[in-house]
1. Would you please name the residue that is surrounded by the most Cβ atoms within 10 Å (Cβ to Cβ), looking only at residues in the stretch 150-160 that are modelled with pLDDT of 90 or more and under 17 Å from Lys181 (Cα atoms)?
2. Among the listed residues Ser71, Ser142, Ser83, identify the single one that is more than 16 Å from ligand 1 (Cβ to nearest atom) and free of Cβ contacts under 8 Å to residues at least 60 places away in the same chain.
3. For the stretch 43-70, enumerate the residues that are over 17 Å from the mean Cα position of the chain (by Cα) and among the small types (Gly, Ala, Ser).
4. Would a scan of the stretch 212-230 turn up a residue that is touching a helix residue (DSSP H, G or I) at 6+ places or on another chain (Cβ under 6 Å), open to solvent by 20 Å² or more (accessible area, probe 1.4 Å) and farther than 27 Å from Asn133 by Cα?
5. Suppose we filter the stretch 134-156 for residues that are farther than 18 Å from Ala166 by Cβ, in contact with a strand residue (DSSP E or B) (Cβ under 9 Å, 6 or more places away or on another chain) and not charged (D, E, K, R); how many remain?
6. Residues in the stretch 78-100: is at least one out of contact with any Lys or Arg (no Cβ under 8 Å at 6 or more places or on another chain), small (Gly, Ala, Ser) and either within 16 Å of ligand 3 (Cβ to nearest atom) or more than 17 Å from Gln45 (Cα to Cα) (or both)?
7. Of the residues that make up the stretch 158-173, is at least one touching a residue at least 24 places away in the same chain (Cβ under 8 Å), under 16 Å from Thr66 (Cα atoms), within 16 Å of ligand 2 (Cβ to nearest atom) and outside any loop (DSSP other than H, G, I, E, B)?
8. Here's a check for you: in the stretch 296-349, which residue that is of a type in the set (Phe, Trp, Tyr) and under 19 Å from Gly271 (Cα atoms) is nearest to the chain's Cα centre (by Cα)?
Amino acid sequence: MLPLHRFLFLCLAILPLAACAYRAKRLTLQELTSGRTFVTNVLDQFTSPSWAKNLAVCDNGDILITVIAPSASLYRIANPQCSNPTTTLVHTFPNVESLLRIAELQPNLFVVVGINASGVVAIPGTGFLWSVNFSASFRRQSLRKLLLYRNGMTALPENDGDVLLADSFLGCVWRIDIHTKAVNIAMKLSQMEPPSTALVPIGINGIHAKQNPFGSTVLYWSNSFETTIYSIGIDGCTGAMLSGQQEPQVRARAEDGYLFVDDFAMVSQGGIRAAANFNNTVLYASTQSHILRPVVGSENSLLMAGCTSYSFGRRAGRDNVLYVTNSGAEVYPVNGALTMGASVVAVNV
Ligand SMILES: *[C@@H]1O[C@H](CO)[C@@H](O)[C@H](O)[C@H]1NC(C)=O
Ligand SMILES: *[C@@H]1O[C@H](CO)[C@@H](O)[C@H](O)[C@H]1NC(C)=O
Ligand SMILES: *[C@@H]1O[C@H](CO)[C@@H](O)[C@H](O)[C@H]1NC(C)=O
């Protein structure tokens, strides 16, 4: 059996039994990759074994984090810009073992998705979508049950009631209207399917819909085992492909040797940062080169161990700070042996 299957089986079968606790651990490190130095700061670290999957930065600069293990929990890191940020458990979601993704619909209104899994394969019919409302006090509302495995999630820039969900297995994007709860396929493209070389059937993974400076909306997605980020123009309200659209564009592709690209973040000045999860490295592609090359972390370092998702800070002076969640290298331990508790790291890029 592949190490990935073995680990995920262990992780998803056993970890939910572990206590849901985290401990604060802060340190400032510098990592030199490709001749550049970045100041990094561990904002918080969970007890091992654990796996932080996804994050969203709130309007006020706080960070929300979804956790796959040890339980389906949502955490909030308040004042991440301070020397002493505080982490609180917002909520542990019932009926699911893992929380996968979070997307912001409106300020203070988010959608989260959770699942149960056996090994790497989600158990059909176990997924749930909730809305999470932080206006006034915290309120969660169950939106709908999900029948299939979804992965990445993004809100539509011109429609604050719909989300797009990536289906890693079927290779498509679903659109869910959170008011009517209607679900339909927004698009299905061969570039979203798991490639024949995939170790497990994962194709499309991270997705982000962004409005470009000319007002049109572009959907970006990673195809993990192709280590490629694609884009295509979409209708910012419905999520549908624009008519007369040609093939998706390759926006960035990892240089040889990288196994898997997880989530990614678009840099506001152009370029893409992508998480080479199994290689413990943050990759960056400029708009000119389109080639994702290592910038922070390295194969043999715990600093970016098993990095999963990125998001840039949102307050003044924080748009140069990349927040990174990680799995603590649980899938491919560093040097074949080292793992750590999942953490959230701020990287000054
Ligand atoms: C998912 O897992 C939880 C916790 O083990 C369990 O209570 C729940 O029934 C499972 N959901 C389904 C649909 O099997
Ligand atoms: C979020 O909560 C606020 C305050 O309770 C409420 O006014 C608002 O309608 C809620 N939004 C949604 C989409 O439920
Ligand atoms: C990425 O990780 C894989 C699996 O551990 C390894 O075979 C490969 O050499 C790594 N690539 C780089 C560029 O470090």
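The values are calculated or read from the model by the stated rules, or taken from the named source; none is laboratory data. Since we're looking at a predicted model, the values are computed, not measured. Using ideal geometry, Cβ is built from the backbone for each residue, glycine included, and neighbour counts are taken over all protein chains shown. Heavy atoms of the whole protein, side chains included, go into the accessibility calculation; ligands, DNA and RNA do not. Shrake-Rupley method; radii C 1.70, N 1.55, O 1.52, S 1.80 Å.
1. Among them, the one singled out is Met153.
2. Just a single option satisfies the conditions, and that option is Ser83.
3. Result: Ser48, Gly61.
4. no
5. So the answer is 5.
6. The answer is no; no qualifying residue exists.
7. no
8. This residue is Tyr310.
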